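Have a look at the structure below before the remarks.
The values are calculated or read from the model by the stated rules, or taken from the named source; none is laboratory data. Given the structure is predicted, the values throughout are model-derived calculations rather than measurements. Here Cβ is always computed from backbone atoms with ideal geometry, including for glycine, and neighbour counts include all displayed protein chains. Please note that ligands, DNA and RNA were not included when accessible areas were found on the heavy atoms of the full protein model with its side chains. Shrake-Rupley method; radii C 1.70, N 1.55, O 1.52, S 1.80 Å.
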Amino acid sequence: MTPDTFTTAHWIGSTWMRDARPVGGCPLAFRKDWTVTAAHGAQIRICGWPKYALYVNGAAIGYGPARSFAADVHYDTWDLAGHVQLGRNSIAVILLPFAGVTGYAPVTRLGLIAEASTAAGDIVGTDATWKARNATWFSDDPMLISLPVGSQEHYDINSEPAGWKTDEPGDGWENVFVLGPVGTAPWRNFSARPIPLLAEAPASPPLVWRGTGPEEAVAIRDNIATAFNSSTVTGGPCNDSHGWVDANGGDIVTYDLGRTRLIRAGVDIDSTTGDIRIETFYANGLGDRPTADRGFQTPQEGGADSFTPSTDGPSSWRALVPRGFRFLTVRVAGTGSCRMRLAASTVDYPFPPKRPFTTADPLLARIWDVSADTLRSATNDTHVDTCSRENVLWTFDACVAGEAAYHTFGETAMWRRCLLLVGQGIDDGGDPKAVVPAEVSFMNLIDQTLSWVVACRSYCTLSGDNTLAAEVAEAAARLLAMCERNITVDGYFLPPSYSWHWVDWAPIDKRAYSLPVNALVVLAASAARDLAKLAGDGTLLALATRIHDALAPRLASFYDDTVGAFRCHIDPATPPGVEARTMSGGDVVTYGIHTNSLAVAAGVGTPDQRRRAMDHIAANLTWPVPEEAKFGPGWTHLLLDPLFDHGHGDTVIEFMKQLYGQTLAVGAPTWAEGFGPAKHNTAHGWGAAVNTLLATRVGGVMGIDYD
C-alpha cells in the first residue's frame, strides 16, 4: 500500500436504513477473514466513523480514530506484529454510533474503511464480502455519560455470540452496505493520522472507599447513574491494595486514579453466583460517599457503564470508549456474589518528558509541574478543556493549551493539529465554531477565534514551522472579512447578533462598544499581517492592514484620563439594534484587566497612556482579588504578560503565587476551570497557560532561548 491510498478498501455500513439514522441505537459489528502467506510486515490501516474498536484474531488491537471534521478524516495505522499467523486470520470491528449534540460533534453518517496487508502482498480491504450485524449485546438505549463522549455502555456477555470475533459469521450476520470508495461524501479528504497513537497502560489505583447500598439492579432506561446518586449508601474510607475483591450484591468499592484523567474502565470476573450486574461509576471528586458525575445535570447524563458477567465461568469487560474521571466506583447489583478485579488502563497522549524549569522558588516550580500534569490530563486526540464533562476542543484551548504544551514539553504536533482544526471550523461566511470539530450551534465565539489568529503567529514564531501560515491564511481571511463587514458606521467592531460574545468568565462589560473584543480584532489583524507575509498572501495582507489601520486609532477614545486607564465600554452614537448575546457572571467592571491588558498588547493609545493603564491594573493585583482583576486561568499569560514591560514583574509574580498557591495548598494535583482551592477538580487544560508566562518571563527552561 502507498502512504496515501487504499488499494482495495471501500467505505461500508450495515444497511441503508442505519445509514439514514446514525444517532443512537446499539453499535455495529463487522467481520472478515484474511489469509496470510507470510506474516512479516503485517499492518492494518483503518478509520471508523465516528469511533471504532479493532480486534485481530480475538485480541484488542486499538481504538480510534483521531477526531476530525468529516471532510478531512484521518486513518490510523496499527502494527500487527505478533497478532497475525500464517493461514486464516480474523478481523473484527465494533463501530460506535453518534451520541451527543451537534455543537459538540460532527454528526454525519456511520462508516468503516480498513485495509490490512503484509510485506508479501497479502491484502484484504473492506468491500461487499464483509459481514455486519447489530451488536445487540450492548444496550441500544442512548443514555449519555456527557454530551460528546459517547453513550453509556451496558454490555451483557451472555447475549454476545460466543467467538464472533474469530468464528465464521453465522445467523444474524448480513452482507454489508457499500457506501463508496475513498473520497465518498462526507469523507472527501483522507489522510494519515497527524499525531501519534494514544498510549494505553494498565492502571493499579488504590482502593480508597468501601461500603454497601441496595442490591436492586434498576432498569437501564432509568439511568443507573441517577439511581446510584439517590440511593442510600453507607461505608467509609479504606486503604487497600489493588487486587481481587470478594463482593456480594450491594457491595461498593471505589478506586482513586490520583488525578482527573482519561481512563478505559474494565473489570475481570473470576467467579459468580446468582444473578448480578457489575456497575461502574465515574466522578472527579469523593465526598462522604462515592457518586457519579452528571455532566450538565440533564436527565440523560451520567458517568456510568455496566457489565453483566458470564454465568458459566470467568469473563472480562473493557470499555469501548474511555472516560475522564479521577474516582472509579464499582458496584455489584443483584442477589448473587462474585470475585472481581479492576482492570482499568490509562489513556494518554505521548508527550515527551517535561522540560526542566529553572527557578529558586519551590512554589513556582510546583506550579510548573501541576500545569504539566494538567496538560497530560487534558490532551488526548486534541487538547480538551477537560477530559471529563465535555472532552472537546474549544477554540481557546487550541490557543493557550497548545502554546503551554510547547513550553512545557517542547511538543508542537498537537498544537499545530488543533490550530488547523479551528481554521477548518471557520465557514465561507467567516463564522467560526467554538468547538472543533463540530457542527453549527449557538456557540459562535468570534472573540476566541480572534485569539486563534494570534496563536497561529505564535506557533510559527516559536516552532520555526512557517508552513502553517499558508495553511491557515484563507481561514484567517474569511474571519477578518466577516469582522470588517461588522465594523459599524461609528468605526468600531460589533459582534453579529447571532454570536456568543464571551471573551472570558469574568465581569466584562460586553455591551456595544466593548474594548476587549475590539482590541482582539486589532491584535488579530496585526498577527494576520505577519502570517500573510510568511504565506506570500497579498489578499490577506491588504485586508488585515486595512482593518488594523482603520480600527486601531479609534480605540484611543476608550481612554479615561481622569482614572488613567482604558474603560471597557463606550456607548454607540448609532443604536446597534440587536446586540450579540453576552454570557458571563456577576456585575461588570469599568476598568478591568481584560480591557487594559488587551489594549496595551494591541498598542492602543500613547506610550504614557499604556504605562498608566498598567499602573492601574498592577494596583489591583492584590489579595483577595478585586473584581477589576478577575480573569479565568486561560488568560493568565495574555493578561499578565504586558505588565512585565511596564515595571510590574515582581508584583505579577507575587500575585501568581497567591492565585495558584491556594489550589496547591489543598493538595490539588491539577488546575480547575476557575481559580479557587478545589482539591478535586476537572483538570482544565487552559489552566496550564501559566506555564507560558513562567517560561517566557519568570524562569529558565532547558533547551529554549527566549532572548
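The table below lists the values:
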quantity: Residue list for region 532-547, restricted to those being buried (at least 19 other Cβ atoms within 10 Å of the Cβ), touching a residue at least 40 places away in the same chain (Cβ under 8 Å) and assigned to a helix (DSSP H, G or I); calculated: ALA532, ALA535, LEU540, LEU543, ALA544, ILE547
quantity: Residues (of a type outside the set (Lys, Arg) and in a loop (DSSP other than H, G, I, E, B)) located in region 548-569; calculated: ASP561, THR562, VAL563, GLY564, CYS568
quantity: Residue that is farthest from TYR513 (Cα to Cα), among those in region 583-620 that are open to solvent by less than 20 Å² (accessible area, probe 1.4 Å), in a helix (DSSP H, G or I) and hydrophobic (A, V, I, L, M, F, W, C); calculated: ALA618
quantity: Unique residue being open to solvent by less than 10 Å² (accessible area, probe 1.4 Å), polar (S, T, N, Q) and modelled with pLDDT of 95 or more when the list is THR651, THR670; calculated: THR670
quantity: Of all residues making up region 246-261, the number that are more than 10 Å from LEU328 (Cα to Cα) and open to solvent by 10 Å² or more (accessible area, probe 1.4 Å); calculated: 7
quantity: Filter result (more than 19 Å from the chain's Cα centre (by Cα), part of a strand (DSSP E or B) and among the hydrophobic types (A, V, I, L, M, F, W, C)) within region 308-354; calculated: TRP317, PHE327, LEU328, VAL330, VAL332, ALA333, CYS338, MET340, LEU342
quantity: When residues of region 357-405 are limited to those that are part of a strand (DSSP E or B) and out of contact with any Cys (no Cβ under 9 Å at 6 or more places or on another chain), the one farthest from GLN658 (Cα to Cα); calculated: TRP394
quantity: Residues that are within 16 Å of the chain's Cα centre (by Cα), open to solvent by less than 30 Å² (accessible area, probe 1.4 Å) and at pLDDT 95 or above, drawn from region 58-115; calculated: GLY64, PRO65, ALA66, SER68, PHE69
quantity: Condition check for LEU638: aliphatic (A, V, I, L, M), in contact with a helix residue (DSSP H, G or I) (Cβ under 9 Å, 6 or more places away or on another chain) and open to solvent by 40 Å² or more (accessible area, probe 1.4 Å); calculated: yes
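Each row is one residue, and each column tells you yes or no for (1) in a strand (DSSP E or B); (2) open to solvent by less than 10 Å² (accessible area, probe 1.4 Å); (3) in contact with a helix residue (DSSP H, G or I) (Cβ under 8 Å, 6 or more places away or on another chain); (4) small (Gly, Ala, Ser).
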residue: GLY235; (1), (2), (3), (4): yes, no, no, yes
residue: CYS238; (1), (2), (3), (4): yes, no, no, no
residue: VAL267; (1), (2), (3), (4): yes, yes, no, no
residue: GLU279; (1), (2), (3), (4): yes, yes, yes, no
residue: THR291; (1), (2), (3), (4): no, no, yes, no
residue: SER306; (1), (2), (3), (4): yes, yes, yes, yes
